[in-house]
Amino acid sequence: MQIIHISAECYPVAKVGGLADVVGSLPKYQNKLGYTSAVIMPYYKNKFVEQNSFKTIYESTVALGVYKLNFSIRMLANNPLDFDVYFVDVPELLYKDYVYSANDTDRFIAFQIAALDWILTLDKKPEIIHCHDHHTGLIPFMLQECHNYKSLNKIPVVTTIHNAQYQGWFSHEKVDLIPEFDFHNVGLLDWGSSINPLAAAIKCAWSVTTVSPSYMEELQLEANGLEGLLSAERSKSVGILNGIDAKVWNPETDTYIVQNYTEKTVAAGRQANKAWLCKEFNLDIEKPLFAFIGRLVGEKGADLLPEAIFKALKSNEINVLVLGSGQSEIESALFGLIELYPGAYNAFIGYDEKLSHIIYAGADFLLMPSRVEPCGLNQMYALRYGTIPIVRSIGGLKDTITDITEADGFGICHQEVNVDEMINAIERGTALYKTKTKFIKIRRYIMGIDHSWDASALQYINLYKALNNQL
């Protein structure tokens, strides 16, 4: 079976969030199962592109309304990855030093058309086209409705919703950018009086998946306006929990961290990484270290972090370290706390892959007070490294973390997103840290929990097979 994933992100080529990690791992594990899985993505002007060599395998023009733009398909000359990546190069639109901007409609429409135009030329067509999020949401519609792609409409197409909050809306005035189709069917593009790529994908894809079972259930109740549509399409929808790349996220071999370790050497290894963090950020190694890694936005509960951290530090002997970037007012508030609590709190405003790995390897607890968390990968990384997650029980966090008060529990969960519950969860973590025997036992136990892609990749393969059996 030949599988093509189409996505705006793919680790390690271009990463903004968890979408990149999924698209950079799932094909690898599908290939490991004996299938042929590859990725189509934009050709950006970024560090990965500048550090690698490419070869052009196809050239043509893409029609974007009345305009025609040159495009090419490129491949890595020496591929360091475990799967093939095909890069769509539309120099005027995609070759930028950013992945997303405020005006991405034309960019990603051109990307999707160019990808399908190239697929049309292939002697051996893919047997599955797997689209990810709204940036590729027009592809299921175009395969079903656009005259140019009728020869491809027997290829099953899957759409995975990584985050339903972002839907790619744009005005009907731009409908002529989409290749010609029977205009009587324009309603398939519409949702809420605008063209909605994610809604179009849900309507036209053969199957719709979300990145955790709980998130699929939650979207029936809250999906930023798509609740009714997702309920109506429930029969073709399924939640499949994301996995993590156990090769990349492995404390025994991770080249980013200060000292490698296994379940047997976890105490010494984690102590070395914590010591580095405490020295680097002026923290007290004797105190429990609570960390937050992620986007500083309301969706992640980050708007409550400044107040929660301020109050938690005022009444508890703890360390707190924040790594992230996002809304400027949140960044400023978190940065301002450094002067108030020197020696107990610090923040790195920005993104640093190496530092994130060291935090997973050295922090005692990871804070994830999310309002929305379709799957969450950070809590899985934390488990792999022996850091105990403190999570708001929602979406994938609900599916992966069991509270310590329950049988076989290993994490700390709270039900609401507010300052009081966040502080209470931190205080529960502090109490657990002081109960050394239980704390050490849990830390060693969570390192053995398997959240690799093996099981999830097989679930996707079984879904693809079921779709092909419908032909």
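The values are calculated or read from the model by the stated rules, or taken from the named source; none is laboratory data. Bear in mind the structure is a predicted one, so any value in this text is a computation, not a measurement. Using ideal geometry, Cβ is built from the backbone for each residue, glycine included, and neighbour counts are taken over all protein chains shown.
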Can you name the number of the only condition in (1) assigned to a loop (DSSP other than H, G, I, E, B); (2) within 15 Å of residue 134 (Cα to Cα) that residue 246 fails?
-> (2)
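Looking only at region 68-94, count how many residues are surrounded by 15 or more Cβ atoms within 10 Å (Cβ to Cβ), more than 22 Å from the chain's Cα centre (by Cα) and not polar (S, T, N, Q).
Narrowing region 68-94 to residues surrounded by 15 or more Cβ atoms within 10 Å (Cβ to Cβ): 69, 71-76, 81-90, 93-94.
Now drop any that are not more than 22 Å from the chain's Cα centre (by Cα), which leaves 69, 71-76, 89-90, 93.
Now narrow it down to the ones that are not polar (S, T, N, Q): 69, 71, 73-76, 89-90, 93.
Qualifying residue count for the region: 9.
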So how many residues does region 214-241 have that are at pLDDT below 95 and among the polar types (S, T, N, Q)?
-> 1
List the number of the failed condition for residue 274; all other conditions in (1) touching a residue at least 60 places away in the same chain (Cβ under 8 Å); (2) more than 25 Å from the chain's Cα centre (by Cα); (3) more than 21 Å from residue 441 (Cα to Cα) hold.
-> (3)
Which residues, counting only those in region 345-363, are within 22 Å of residue 312 (Cα to Cα), surrounded by fewer than 21 Cβ atoms within 10 Å (Cβ to Cβ) and not β-branched (Val, Ile, Thr)?
-> 348
Identify, by number, the condition in (1) of a type in the set (A, V, I, L, M); (2) part of a helix (DSSP H, G or I); (3) buried (at least 21 other Cβ atoms within 10 Å of the Cβ); (4) free of Cβ contacts under 8 Å to residues at least 60 places away in the same chain that residue 198 doesn't meet.
-> (4)
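Look at residue 68 and say whether it is within 29 Å of residue 164 (Cβ to Cβ) and among the basic types (Lys, Arg). Don't jump to the end; show me each part of the working.
Details: within 29 Å of residue 164 (Cβ to Cβ): no; among the basic types (Lys, Arg): yes.
No, not satisfied.
Just to be sure before I move on: is residue 432 of a type in the set (A, V, I, L, M), closer than 30 Å to residue 155 by Cβ and surrounded by fewer than 22 Cβ atoms within 10 Å (Cβ to Cβ) in the structure I sent?
no
Against the definition (of a type in the set (Lys, Arg), within 22 Å of residue 431 (Cα to Cα), assigned by TED's automatic domain parsing to the domain that holds residue 284 and out of contact with any strand residue (DSSP E or B) (no Cβ under 6 Å at 6 or more places or on another chain)), how does residue 354 come out, yes or no? Spell out the reasoning first.
On the way: of a type in the set (Lys, Arg): yes; within 22 Å of residue 431 (Cα to Cα): no; assigned by TED's automatic domain parsing to the domain that holds residue 284: yes; out of contact with any strand residue (DSSP E or B) (no Cβ under 6 Å at 6 or more places or on another chain): yes.
So residue 354 does not fit the description; no.
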Filter result for residue 293 (part of a helix (DSSP H, G or I) and either closer than 28 Å to residue 394 by Cα or in contact with a strand residue (DSSP E or B) (Cβ under 9 Å, 6 or more places away or on another chain) (or both)) = no
Strands (runs of 3 or more DSSP E) contained in region 43-157 and holding at least 1 residues farther than 26 Å from residue 207 by Cα and free of Cβ contacts under 8 Å to residues at least 40 places away in the same chain | 54-64, 67-76
Of all residues making up region 166-192, the number that are modelled with pLDDT of 95 or more and on the phi > 0 side of the Ramachandran plot | 1
Search region 369-395 for residues being touching a residue at least 40 places away in the same chain (Cβ under 8 Å) and among the polar types (S, T, N, Q), and hand back the single one that is surrounded by the most Cβ atoms within 10 Å (Cβ to Cβ).
-> 387
Please enumerate the residues belonging to region 1-21 that are touching a Leu at 6+ places or on another chain (Cβ under 8 Å) and in a helix (DSSP H, G or I).
-> 18, 21
Collect the residues in region 296-305 that are within 11 Å of residue 369 (Cβ to Cβ) and in contact with a strand residue (DSSP E or B) (Cβ under 7 Å, 6 or more places away or on another chain), keeping them in residue-number order.
-> 300, 301, 302, 305
When you scan region 154-198, how many residues do you find that are touching a strand residue (DSSP E or B) at 6+ places or on another chain (Cβ under 9 Å) and among the polar types (S, T, N, Q)?
-> 5
Quick check, is residue 408 free of Cβ contacts under 8 Å to residues at least 40 places away in the same chain, acidic (Asp, Glu) and assigned by TED's automatic domain parsing to the domain that holds residue 346?
-> yes
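Please find, among 34, 65, the residue that is exposed (fewer than 15 other Cβ atoms within 10 Å of the Cβ) and at pLDDT below 95. Let's see the steps before the verdict.
Numbers: 34 fails: at pLDDT below 95.
Of the residues listed, the single one that is exposed (fewer than 15 other Cβ atoms within 10 Å of the Cβ) and at pLDDT below 95 is 65.
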For residue 366, the lone unmet condition from (1) of a type in the set (A, V, I, L, M, F, W, C); (2) farther than 22 Å from residue 285 by Cα; (3) surrounded by 19 or more Cβ atoms within 10 Å (Cβ to Cβ) is (2)
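Please determine whether any residue of region 280-294 is of a type outside the set (S, T, N, Q), assigned by TED's automatic domain parsing to the domain that holds residue 435, more than 26 Å from the chain's Cα centre (by Cα) and over 23 Å from residue 427 (Cβ atoms).
Our first condition is that a residue be of a type outside the set (S, T, N, Q); within region 280-294, this holds for 280-281, 283-294.
Still in the running and assigned by TED's automatic domain parsing to the domain that holds residue 435: 280-281, 283-294.
Adding the requirement that they be more than 26 Å from the chain's Cα centre (by Cα) leaves 280-281, 283-288.
The next check asks that each one be over 23 Å from residue 427 (Cβ atoms); those that pass are 280.
Within region 280-294, one or more residues are of a type outside the set (S, T, N, Q), assigned by TED's automatic domain parsing to the domain that holds residue 435, more than 26 Å from the chain's Cα centre (by Cα) and over 23 Å from residue 427 (Cβ atoms).
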Flag if residue 108 is crowded, with 21+ Cβ neighbours inside 10 Å, farther than 21 Å from residue 237 by Cβ and touching a helix residue (DSSP H, G or I) at 6+ places or on another chain (Cβ under 6 Å) = yes
Going by the structure shown, is residue 261 surrounded by 20 or more Cβ atoms within 10 Å (Cβ to Cβ) and hydroxyl-bearing (Ser, Thr, Tyr)?
-> yes
